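Worksheet: the structure to be examined is printed underneath.
The values are calculated or read from the model by the stated rules, or taken from the named source; none is laboratory data. Just so it is clear, the structure is predicted and the values come from calculations on it, not from any experiment. Note that we place each Cβ from the backbone using ideal geometry, even for glycine, and neighbour counts take in every protein chain shown. Only protein heavy atoms, including side chains, enter the accessible area calculation; ligands, DNA and RNA are left aside. Shrake-Rupley method; radii C 1.70, N 1.55, O 1.52, S 1.80 Å.
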Number of protein chains: 2
Amino acid sequence: MNVEKIIKTDKQIPITSRTIIHLSLVETKINEMMTAALKPHGVSLQQFNVLRILRGQKGKPANLSTLNERMVTKMSNTTRLVDKLILKGYVERMVCPSNRRKVEINITSNGESALSLMDLAMKETEEKLLENFSTDDLRSLNDLLDKF
Amino acid sequence: MNVEKIIKTDKQIPITSRTIIHLSLVETKINEMMTAALKPHGVSLQQFNVLRILRGQKGKPANLSTLNERMVTKMSNTTRLVDKLILKGYVERMVCPSNRRKVEINITSNGESALSLMDLAMKETEEKLLENFSTDDLRSLNDLLDKF
DNA sequence: TCCATACATTTGTATATACAATTGTTGTAA
DNA sequence: TTACAACAATTGTATATACAAATGTATGGA
């Protein structure tokens, strides 16, 4: 990645700040590429994540709280995220019969097939992003990230 | 950092995806902490970055394009970011006399003193974030991030 | 039973951001 | 000089997000 931005900013910037900025630039790049890959499929990165979590449930419905726990977003957004997916016909929502405060969310078969197409696009993007990484690199990176 | 989210999501998730998710979680954490640190000062992370870039100019005014080059945001937002900072009295904007298409932006002395307070808060946050990192760790992390 | 409390989700509102279209300015070739 | 393309910034609009407040539901104790 081009880190000119970082270096240009300030020659004597300490390594701590540089690392933080570097991380944020990398994250932005990842986000942009992922978002671009999903664009033809008409879903946002967050919506894609919801779908993926729902598939991981293997039929067992998820309620909003569990969705939220596994996601990097705030509760109030999750409601609206799911709204969008319902409009697209990718998920369905119904009140939980045993506890009517809860809402059960399921992926539809329509959603599953759309998701498998998205998977392909995302896999490609992921490979492109990580083309310069060996498996050892990935392991070290994960270990370092664990220190946060 | 707590990576349970990642591991819970899917046991057999490949290391490539895991790394990407991991990065995005770390970035979210950084963002949240930084934003929280700036909150008492009434500026957003982006606004803080603009101020910092302007200070780096050492008196030389910056126009919107150069600000934009060094930032992780879109041009249209930079205009509005600067609007906010003007409202707070931290920067001033005037039309460039030599090329009236351009706009020159300067940090005010008011902005400089506010910025130095923010610096302290940010430095603390940075130290807290990176408390588990040795200098070597930081170097390796930077090197790995360069591979993106 | 009634009430206070906690829970799960939703809604309202302000702000942030992306993307496209627009405005105003400059340079340049006919 | 005029017409046109390129440039720099701004505005409009749709969507996304954060945060606080509100809604509806369940639970436990007086």
**Q.** Under 5 Å, built H, 5+ apart or other chain: amide partners of residue A:103
**A.** A:64, A:96
Q: Could you sort out which of A:29/B:39; A:74/B:74; A:29/B:102; A:123/B:128; A:58/A:128 sit more than 31 Å apart by Cα distance in this structure?
A: A:123/B:128
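Can you pull the Rg over Rh of the stretch A:4-130, Cα-only, Kirkwood? Please list the in-between numbers first.
Details: Rg = 18.2 Å, Rh = 16.5 Å.
Result: Rg/Rh = 1.10.
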(Q) Can you give me the orientation-averaged projected area of the convex hull built on the Cα atoms of the stretch B:15-73, in nm²? (A) 5.2
Q.
Nearest 500 deg cm²/dmol is fine: what mean residue ellipticity at 222 nm does chain A get from its DSSP H runs of n ≥ 4 alone, each adding -39,500 (n - 2.57), divided by its residue count?
A. -20500 deg cm²/dmol
Q. Can you list, shortest first and in nm, the gaps between the label point of residue B:36 and those of its counterparts in the other copies, using a point 7 Å from Cα in the C-beta direction?
A. 3.4
Q.
If the elastic network links every pair of Cα atoms under 10 Å, which of A:64, A:115, A:25 fluctuates the most in the Gaussian network model of chain A?
A. A:25
(Q) With a 10 Å cut-off between alpha carbons and a GNM built on chain B, which of B:18, B:80, B:55 moves the most? (A) B:18
Q) What percentage of all Cα-Cα pairs in the stretch B:60-145 are separated by more than 18 Å? A) 60
Q. Accessible area, 1.4 Å probe, largest first: how do A:98, A:134 sort?
A. A:98, A:134
Q. Looking only at B:112, B:126, B:69, which one moves most when chain B is put into a Gaussian network model with springs between Cα atoms under 10 Å?
A. B:69
Q. Which angle from 0 to 90°, rounded to the nearest 10, does the C-alpha axis of helix B:15-38 make with the longest principal axis of chain B?
A. 40
Q: With 10 Å bins from zero, work out the P(r) of the protein assembly as shown over every alpha carbon pair and list the percent per bin.
A: 5, 24, 29, 24, 14, 4, 0, 0
